[in-house]
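Computed from the coordinates by the stated procedures, all read-outs in this text should not be read as laboratory data. As the structure is a prediction and not an experimental result, all values here were calculated from the model. Cβ coordinates were reconstructed from backbone atoms using ideal geometry, including for glycine residues, and neighbour counts include every protein chain displayed.
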Amino acid sequence: MRQFIRGAFVIARRDFAATVLSKAFILFLLTPLFPLLLGGLFGGIGARVAAQTETPVVAVIASQGEFARLLRSRDQLAPALGRDSLVRLVGYELEADADGQRRRLLASRDPPLRAVLSEGFGEPRLVGSLDSSAIEQVRLILGTARSESLPAIRVTNVQASSGSLDRQRAITAQVSQMLLFFLTILLSGMLLSQLIEEKSNKIIEVIAASVPIDALFVGKLCAMLAASVLGILVWIGGGALLIQLVKHGGVATLPPPAVGWPAFLVLAIAYFATNYLLLGAAFLTIGAQAATVREVQTLSMPLTFAQVLLFGFASTAVGAANSPEGIAAAVFPLSSPMAMIARAAEEPGLWPHLFALAWQALWVAIILRLGAQLFRKTVLKSGPRRTWWRLRRA
Amino acid sequence: MLRQVQNVASDTAPAVEAIDIVKDFNETRAVDGVSLAVPAGSIYGLLGPNGAGKTTTLRILLGIIDPSSGLRRVLGRERPLDAAEEIGYLPEERGLYPTMPAREAIAFMGALRGLPLAEGRRRADALLHEHGLGEWAKKPIRTLSKGMAQTVQLLGTIIHKPRLIVLDEPFSGLDAINQARLEELIRGEADAGATIIFSTHVIAHAERLCERIAIIAGGRVAFEGRVDEARARLRPIVRLRTRNSAGPWLDALPAAARREGDEYVFELPEGGPEPLLKALIDGGAGIETLAIERPGLHDAFVAIAGNAAAAAMAEEKGE
């Protein structure tokens, strides 16, 4: 055991240093910025285009006083209906040729008017090409403008009702499951190619003669887990800072999980580790069989789809942790961490998590053991000649 | 199933022992009943043509692969990995991490064998200086020449002062100067008490270095013993030059005698030199020179390995 631990530690230390101290790791740390930047860039352009083309603009031919009341009414409704989706109003003074003015306005491209509202609050007339939703919005704006103000309601906030709590926890479950899935899919893929280096530069012979192959696998897995955790800590720090800056009330406003935030965060880290180790052990085993980088690349696509399937299976546990599907997802080793993190968000009680973590750790050990044996047999060409079917025939 | 033996090392026990080791790769038998014993503190050569099974035998002895059947015992242990901290291994296909600095590569190889990293770095610096590579200590392996990288790997093999050093074709790829240095290093390690096993298909190295050898051909041990015992397998060669080209003395020559220039060359007859000399003198040969040469290891190797390979081929045809 001492030799095993020492060997795994030596391998892990080498791999961790080689990964973290490389220039490529800085690029790796910046990875989440790319989708954010792309999202920001394309989202901004899309929003601008959508705002210009989709939010209907209605010309209002009315006196300044009436138009001001309509604008106030629109402002009152904006929080409920969404400021960006609510029809925009542009005011115009009534001209002598009312029909001609209406035709000119409907032909206007700047702003791109969709309808003209005229003839005051008494018998308002809307001419244009609005859909029913926009027409209802205009009706609401007019109605609110007529009554001048909305009725006041005395509001008392409680921390959570049972209905809202379930919904919030389901959101927390989904978000945490999604995060676990994305982090694992982003990070564990690296393990596919982990043994290519040793195999291509032939140092595998020296390692195989010095430490058990299991120790090589464990060392590599732990090194990549440590590098991934380092990356995640940087990303979480940056993410929390961003939420703090962007969202009112900061991280405290996120929906609370059933086991409470401290336990949930500990479990999230533990389940990320087991999820990474489980999938990583499987990937390391599969990748170890590949002889070239080309083979690894070919393998990565079906494995990504397999991960998506596992995520889909685990997502059946959201909102139904105790259903047969939810329990099956929690028991199946490769979907267990994702199913259990959803459970932590929705169901109180820590004992099931201790069992689940032990169960997942057992499977990590089993997969690594099988992977090391397979590596010895197929790559190092070790093991007895007779295969099981030959033994049976004999 | 391997036979259970006591895991006890003693001073008299061989450092490495293989008993009837067999290794099959699918339908191919790479090692076919190899048995050998390497005395502790000796330099032992594993000789054989390419593809004879030398590397597979070494990999089995080191525990990289398991035999299909047979028993191995290394430094008193049946599981070679249990003795890994006392073994150094230079594989035939050299390999180092290309981005790793030379001293780190050596220290890493030591760490794999249980040497603390700090001590490994200290020893690596000393060894690199000793071998004229001091200024390359912090340079990545990829910037070193092939010979330098091989030296670095060799230093990594001995950094932890192993009791057993296994070198697979250590001289291949080295120039004459580095080959001589390596021979010196091997002798130095043996003088310090280490047991050294190396495989080679270049006989000259084995002849200069080894006390004992095993000649492997076709996956089998065709000969195992001292170098002079191998040589003794062949009869001495007689080179004879005479003044007279004909006469009754010609009847004293064996039928297999051949002419090489103005000499007759033949194996010394069973009776030894005295009856031969008498017959030549009595037959009026007019002896100018007569030399009796002891055969070299190369001749013994060619004869033993060639015969074994031929026998193996004949056996395969018979099957």
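Volume per residue of the convex hull around the Cα atoms, evaluated for segment B:67-215, comes out as 125 Å³. Database remark: amide H of residue A:89 closer than 5 angstrom to the amide H of A:58 (H placed geometrically; neighbours at sequence offset of 5 or more, or on other chains; Pro and chain starts carry no H). Pairs of Cα atoms in segment A:163-389 fall into 5 Å distance bins, from 0 up to the last occupied one, in shares of 1, 7, 13, 17, 17, 14, 11, 8, 5, 4, 2, 1, 0, 0 percent. Between residue B:178 and residue B:260, how many nm apart are label points set 7 Å from Cα along the C-beta direction? Distance between label points: 3.4 nm.
To the nearest 10 degrees, how steep is helix B:273-282 against the longest Cα principal axis of chain B, on a 0 to 90 scale? It is inclined by approximately 30 degrees. Using only alpha carbons, segment B:136-210 has a radius of gyration to Kirkwood radius ratio (Rg to Rh) of 0.97. Highest GNM mean-square fluctuation among A:223, A:291, A:170, for chain A modelled with Cα contacts below 10 Å: A:291. Percent of Cα pairs in segment A:56-147 per distance bin of 10 Å, from zero to the largest separation: 17, 55, 26, 2. The equivalent ellipsoid of chain A has semi-axes of 61, 25, 19 Å, largest first, where each one is the square root of 5 times an eigenvalue of the Cα gyration tensor. Backbone amide hydrogens, once placed in the peptide plane, bring residue B:287 within less than 5 Å of B:243, excluding anything fewer than 5 places away on its chain. In nm, to one decimal, how far is the modelled label at residue B:202 from the one at residue B:26, with both set 7 Å along Cα→Cβ? The modelled label-to-label distance comes out at 3.3 nm. When you count the other C-beta atoms within 10 angstrom of each residue and take the mean per peptide, A:27-37, B:166-176, B:234-244 line up highest first as B:166-176, B:234-244, A:27-37. Residue-wise HN-Hα couplings along segment B:161-169, as the Karplus relation 6.51 cos²θ - 1.76 cosθ + 1.60 with θ = phi - 60° gives them from phi, are 6, x, 7, 10, 10, 10, 10, 9, 6 Hz; Gly and Pro carry x. 3J(HN,Hα) along segment B:85-102: 5, 10, 10, x, 9, 10, x, 5, 8, 5, x, 9, 6, x, 8, 7, x, 4 Hz, from the Karplus curve 6.51 cos²θ - 1.76 cosθ + 1.60 with θ = phi - 60°, whole Hz, x for Gly and Pro. In this calculation the C-beta distance from residue A:2 to residue B:13 is compared with R0 = 30 Å, giving a FRET efficiency of 0.75. For segment A:49-134, the antiparallel share of DSSP beta bridges with both residues in that region comes to about 35%.
Here the peptides A:112-119, A:372-379, B:73-80 are ranked by packing, the mean other Cβ count within 10 Å, and the order with the highest first is B:73-80, A:112-119, A:372-379. For chain B, the alpha-carbon radius of gyration amounts to 1.23 times the rule-of-thumb value 2.2 N^0.38 Å expected for a compact globular protein.
Normalising by residue count, segment B:71-110 has a Cα convex hull of 83 Å³ per residue. Principal-axis analysis of the Cα atoms of chain B puts helix B:146-158 at an angle of about 80° to the longest axis. In terms of surrounding Cβ atoms within a 10 Å radius of their Cβ, A:351, A:363 rank from fewest to most as A:351, A:363. The per residue volume of the convex hull around the alpha-carbon atoms of the protein assembly as shown is 274 Å³. Taking amide H as placed 1.01 Å from N in the peptide plane, residue B:221 has its amide H under 5 Å from the amide H of B:35, each at least 5 places away in sequence or on another chain.
At a Förster distance of 30 Å, what's the computed FRET efficiency of residue A:136 paired with residue A:75, Cβ-Cβ distance as r, to 0.05? The value I calculate is 0.95.
The distance between label points at residue B:287 and residue A:109 comes to 12.1 nm (points 7 Å beyond Cα on the Cα→Cβ vector). Cα centroids of segment B:266-285 and segment B:128-157: 58 Å apart.
Legend: helices of chain A (whole DSSP H runs) are marked when their alpha-carbon atoms reach 24 angstrom or more along the helix axis and their mean Kyte-Doolittle hydropathy is at least 1.6; marked are A:213-246.
For the residue pairs A:377/B:54; A:23/A:220; A:381/B:54; B:23/B:146; A:202/A:381; A:199/B:146, the C-alpha atoms sit more than 23 angstrom apart in B:23/B:146. Sorting A:309, B:61, A:183 by the number of Cβ atoms found within 10 Å of their own Cβ, with the fewest placed first, yields A:309, A:183, B:61.
Give the angle, between 0 and 90 degrees and rounded to the nearest 10, that separates the Cα long axis of helix B:117-130 from the longest principal axis of the Cα atoms of chain B. Approximately 40 degrees, to the nearest ten.
From the largest down, segment B:235-293 spans 26, 24, 19 angstrom on the principal axes of its Cα atoms.
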